[in-house]
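Undergrad: Sharing a structure with you now.
The values are calculated or read from the model by the stated rules, or taken from the named source; none is laboratory data. Source: prediction; values computed, not measured. Ideal geometry is used to build each Cβ from the backbone, glycine not excepted, and the neighbour counts take in all protein chains shown. Ligands, DNA and RNA are stripped out before the accessible areas are found, and what is left, the full protein with its side chains, is counted by its heavy atoms. Shrake-Rupley method; radii C 1.70, N 1.55, O 1.52, S 1.80 Å.
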Amino acid sequence: MKLKGDYHMHSKYSGDCKNEMEAVVKQAIEMGLSEIAITDHGPMHSGYGIKASQYPEMRAEIDALRQKYPQISILLGLEANLIGTAGEIDLTDTMQPLCDWLNVGYHFGSNLGRDMGLHIRNFLSKFSKRIYERAKKDNTMAMINAMRKHSIRMLTHPGAKGPVDIDAVARVAAETGTMLEINNSHGHLTVEEIKIAMQYDVVFVANSDAHRIERIGIVTDSIQRIVEAGLPTDRIYNLDDACV
Ligand SMILES: [Zn+2]
Ligand SMILES: [Zn+2]
């Protein structure tokens, strides 16, 4: 199987990554990718998030790289944080027109000081069945509302960092045309989750979520789960059957 594009990776604008955007682009070309989205963390994550005020600078940097490397399509993305059960995300109104590709995912440490309920329940879900069920209900509601409210291309690693009802999420993903990620770095979607989600008319994406240059375009673990789940390649946005 050949990966055509990688739609989830980070650059130095994220607090947990040091990669220069140009180095990211060069590696993607080296890996034979025809398209990438650089999707740094949304601004409301206190540890990893970009500063919203930096987004125009990131846009300009991507535009310059597009001129310099016309052989690859480079998209300015965002991995926005899911920050509330009503489906709130941290893509601001000023950032929105600059963004080519919107990913949304749930992360601990986003929106600290405003809505801690979601984080506390996700943290405690390991210790209590009752809290686990409540966390699962809230995470699911947050994802469903976000998909209905915003034009999201893809949900990143659904089920990682907090439990979700994948059946309900996949149903709304199909309804809203939101793709679901089979993330190479986190274990989700798992084989079991893929099997549940593939019952609906959902498109899947396999991405590296690279924080280091050498991880860009690497989706070996994702492919293993895809094969194990029996998910046909034509249901995956960025994979084709061509031999490499
Ligand atoms: Zn993430
Ligand atoms: Zn990420």
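Undergrad: Probe radius 1.4 Å, ligands and nucleic acids left out: which of 125, 151 has the largest accessible area, and how do the rest follow?
TA: Details: 125 15, 151 105 Å².
Heavy-atom accessible area, descending, gives 151, 125.
Undergrad: Just how far, in whole angstrom, is the range 132-195 from the range 78-101 if you go by their alpha carbon centroids?
TA: 16 Å
Undergrad: Among DSSP beta bridges lying fully in the range 2-240, give the percent that are antiparallel, nearest 5.
TA: Details: 4 of 26 bridges.
Close to 15 percent.
Undergrad: OK, next. If packing is taken as the average count of other Cβ atoms within 10 Å, what order do 132-138, 143-149 fall into, highest mean first? Intermediate values should be presented prior to the final figure.
TA: On the way: 132-138: 18.3, 143-149: 20.0.
Per-residue mean Cβ counts within 10 Å order the peptides as 143-149, 132-138.
Undergrad: Considering the dipole of the chain built from charges on the beta carbon (Lys and Arg +1, Asp and Glu -1) around the Cα centre, which of 177, 67, 111 is farthest to its positive end?
TA: Most positive-ward Cα: 111.
Undergrad: Using protein chains only and a probe of 1.4 angstrom, how many square angstrom of residue 129 are accessible, to the nearest 10?
TA: 140 Å²
Undergrad: So how much accessible area does residue 17 have, in Å² to the nearest 10, using a 1.4 Å probe?
TA: 10 Å²
Undergrad: Further question: Per residue, how big is the convex hull of the chain when only Cα atoms are used? Give it in Å³. It would help to have the intermediate numbers written out before the result.
TA: On the way: hull volume 27.9 nm³, N = 244.
Convex hull volume per residue, Cα atoms: 114 Å³.
Undergrad: Then there is this: In whole percent, what relative contact order does the chain give with Cα contacts below 8 Å and a gap of six or more residues?
TA: Values: 529 pairs, mean separation 51.5, N = 244.
Computed over the chain, the figure is 21 percent.
Undergrad: Let me ask something additional. Near the amide H of residue 111, under 5 Å away, which other amide H atoms are found, from residues 5 or more places off or on another chain, if H is placed in the peptide plane?
TA: Counting only residues 5 or more places away or on other chains, the set is 45, 46.
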